[in-house]
Amino acid sequence: MTRIWPFALVALLLMAAALRDGADAWIDATILPTTLPETSVELRDRNGALLRVYTVADGRWRLAAEPALVDPQFVEMLLAYEDKRFRSHAGVDPLALVRATGQAIRHGRIVSGGSTLTMQVARLLEETGTGAWPGKLRQMRVALALERRLTKDQILGLYLTLAPYGGNIEGLRAASLAWFGKEPARLTAAQAALLVALPQSPAARRPDRAPETARAARDRVLARLARQGTITAEAAQAATSEPVPLRRIAFPALAPHLTDRAKAQEPTALRHDLTLDAALQRKLEDLAADALRGLGERLSIAILVADHDTGEVLASVGSAGVTQEARQGFVDMTTALRSPGSTLKPLVYALAFDRGLAHPDTVIDDRPVAFGSYAPQNFDGLFRGEVRVAEALRLSLNVPVVHLTEALGPANLMAALTRAGVKTALPGGQPGLAVALGGVGVTLEGLVQLYAGLARDGQARPLRWRQGDALQDRQRIVSQSAAWQVAHVMAGMPPPPGAAGMRLAYKTGTSYGHRDAWAVGFDGAHVVGVWIGRPDGTPVPGAFGGDLAAPVLFQAFQRIKPQAVALPPPPPETLILPNASLPLPLQRFGARGAAPVDAPRLAFPPDGAHLPLAGQALTVKLRDGVPPFTWLADGAPVIVGTHRREAALDGLGKGHVTLSVIDAAGRADRVHVVLE
């Protein structure tokens, strides 16, 4: 008999080895579910803060989580409560299974499940139930296989990503953001205990629906961890006094238009790092909403902020809210092509300075002129006669800038826009003199990029909003001295009424028909552009850039910094002289292609017209002539000394009437009409 037992022992060892080999083959043959679950796309700002999170395909918030980025106290509490031997077992904990079985026999019901974290991960990956034994056996098999193919931290990361936390919230990071409004890098003991307790019964313990149930579950976790010595009794007691959250906190959804663009550009990327500043973005989105209050439900707004040294976009507001249908808030107005009004005038003057056609102290005429069939007029219908170029820019006069555009050539103005990287659209295909007054389509992004170049020594500053994008070669738009001169002139503009006394180089603009109100400007560090109007392009009666957009521009700068950053000093080569000391060609601009305006001509009503009167004033319109004008009816003065080319004549009776107008040079025109 003593000779037989060694052979029996060998036989038992061989049987155990066979069972082990069979188990190994069984485990190795396990077909695993994907261990790369879909996670939310995240867009982050320049400091790593969340700008926006997208749900996964089934509408769940599920953010990828790594143990290294989680509060160590939470991990310690989780493992102590859920799986003490997680770091040592092979996926299944025999001791926990024996304990769970014994408790079930003694109590006649399941007291604890005996599932390891790895088994829970297996269940979450396959989205299976927890109670049936076939399901448990499958979880054990998958857990054993997972432990052979993944590291412990990878398995823990899957749990932190997939654990349910109530409703459509999955994973620790999504839960921490939804319930506490912060990443789980630093958690209080009470917060960590609640996040340990929620996955055990996420529907029943949701704090926003069952706060007392959630509190009780949290306190049970704290009590057990205190008994185990994971936390002190004092810390556990203090944590129980902390309230549980009563509502979910919305996930960040900043810069919706730009984040959609970023996601569409790189649809497979799970993380996008942008140059935006989340805090500034939030401030400007609030400003955009405030700016439109009381201005009509169809108006929209766009604000863009950039660092004009690097070209990095710091904030991009495409509308006052993407869900505002009446305002067509879904349209990103930072990229919409619109008429820029007078905002291109600084570029015209900078080009004129650069080419020696003018100087800020050059005298230029602001009188009625015609360039062929094109006869520009100032916005207010008035003419100032001889003015300095700097004053012409500050007053945004039209005739002087058209004089300079004619001398430069409209094609050269368009070429400068191209060098600045401005996307344009010409309605007629070929540039004309009206380009200087807004007769070309540009975007807010393009205008901000143009002004960034003027702010920073006349070199183009291509805007970029994705971190890591390569810097593009910078083309020169105008010389450094010309850029400084035009900035210096614009910096002499007074702030709008009620605005902070900041010294900004800025320009406003209003497009034809009051469709677009603009304000673009810069200080020594930042450039800001503001657009207000209707996305469908319909007119906004009474809308002016100076009234609507300029105050918002100054408020935007205040939200960047309370005080504007000083503008730079002039470059050494800048010619800073009064008019009398300038070279003779620069003392006065000599217009070349303009013709003096002819005698006044009545444009309306036409001669011989029959017009209804019905007790109302009769509207009359005038072309050419030199103001001021005198209007007469049957030789009697009705309006004297007006500078406007449109007037309303009151007190007229029915019948045949001779209407006359006389300009400042004594030239006249008349028509005969019948008022009925």
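Rule-based calculations on the coordinates, nothing more; no lab input. Everything numeric in this text was worked out from a predicted model, so none of it was measured. Cβ atoms come from the backbone with ideal geometry, glycine included; neighbour counts cover every protein chain shown.
Some points to look at:
- Available extension along the chain between Ala599 and Arg667 is 23.9 nm, counting 0.36 nm per residue and deducting the alpha carbon span.
- Value in Å of the Kirkwood radius, where region 345-456 supplies the Cα pairs that are averaged: 14.4
- Sites Glu66 and Asp309 - FRET efficiency at Förster radius 41 Å, r taken between beta-carbons, to 0.05: 0.75
- Here the label points at Arg247 and Thr55, each 7 Å from Cα along the C-beta direction, are separated by 1.9 nm in the simple model.
- Based on DSSP H segments of at least four residues, each scored -39500 (n - 2.57), the chain has a per-residue ellipticity at 222 nm of -10500 deg cm²/dmol.
- Structural descriptor for the chain: relative contact order 10 percent, calculated from alpha carbon pairs under 8 angstrom and at least 6 residues apart.
- Charge context of Thr34, other residues only, Cβ under 13 angstrom, K/R +1, D/E -1: -2
- Likely footprinting exposure, Trp484, Trp61, Trp518, Trp26, fewest C-beta neighbours within 10 Å first: Trp26, Trp61, Trp484, Trp518
- Our Cα-only numbers for the chain put the radius of gyration and Dmax at 37.4, 148 Å.
- In the structure shown, the pairs Lys507/Lys621; Lys423/Lys561; Lys263/Lys507; Lys283/Lys423; Lys263/Lys345; Lys84/Lys136 are assessed against 24 Å; a Cα-Cα span above that value is assigned to Lys507/Lys621; Lys423/Lys561; Lys263/Lys507; Lys283/Lys423; Lys263/Lys345.
- Membrane-span-like helices in the chain (whole DSSP H runs, Cα extent of at least 18 Å along the helix axis, mean Kyte-Doolittle hydropathy of at least -1.0): 5-28, 94-107, 133-149, 211-228, 278-291.
- Computed over region 63-240, relative contact order equals 24 percent, with contacts defined as Cα pairs under 8 Å that lie 6+ residues apart.
- Here Ile155, Ile639 are placed in order of increasing Cβ neighbour count within 10 Å, fewest first, which gives Ile639, Ile155.
- The calculated FRET efficiency for Thr619 paired with Ser373, based on their beta-carbon distance and R0 = 25 Å, is about 0.60.
- For Tyr506, Tyr165, the sequence from fewest to most other C-beta atoms within 10 Å is Tyr165, Tyr506.
- Whole-Å distance, taken between Cα centres, linking region 423-455 and region 292-321: 19
- Size of region 37-79: Rg and Dmax of its alpha carbons, in Å, are 12.8, 34.
- Inter-label distance for Ala326 and Thr240, nm, one decimal - labels placed 7 Å from Cα along Cα-to-Cβ: 5.3
- Calculated FRET efficiency, Gln558 to Thr268, Cβ-Cβ distance, R0 = 35 Å: about 0.30 to the nearest 0.05.
- For Met77, the shell of other residues with beta-carbons less than 12 Å away shows a net charge of -1, using +1 for Lys and Arg and -1 for Asp and Glu.
- The modelled label-to-label distance for the pair Asn47/Glu126, using points 7 Å beyond Cα in the direction of Cβ, is 4.6 nm.
- For region 597-675, size of Cβ-based charge dipole, Lys and Arg +1, Asp and Glu -1, in debye: 80
- Whole-Å distance, taken between Cα centres, linking region 601-662 and region 466-481: 55
- Note that region 614-661, at 20 °C in a medium of 1.002 mPa s, gets a Stokes-Einstein diffusion coefficient of 191 µm²/s from its Kirkwood radius over C-alpha pairs.
- Averaging Cα coordinates gives a centre for region 332-394 and one for region 508-548; these two points are 17 Å apart.
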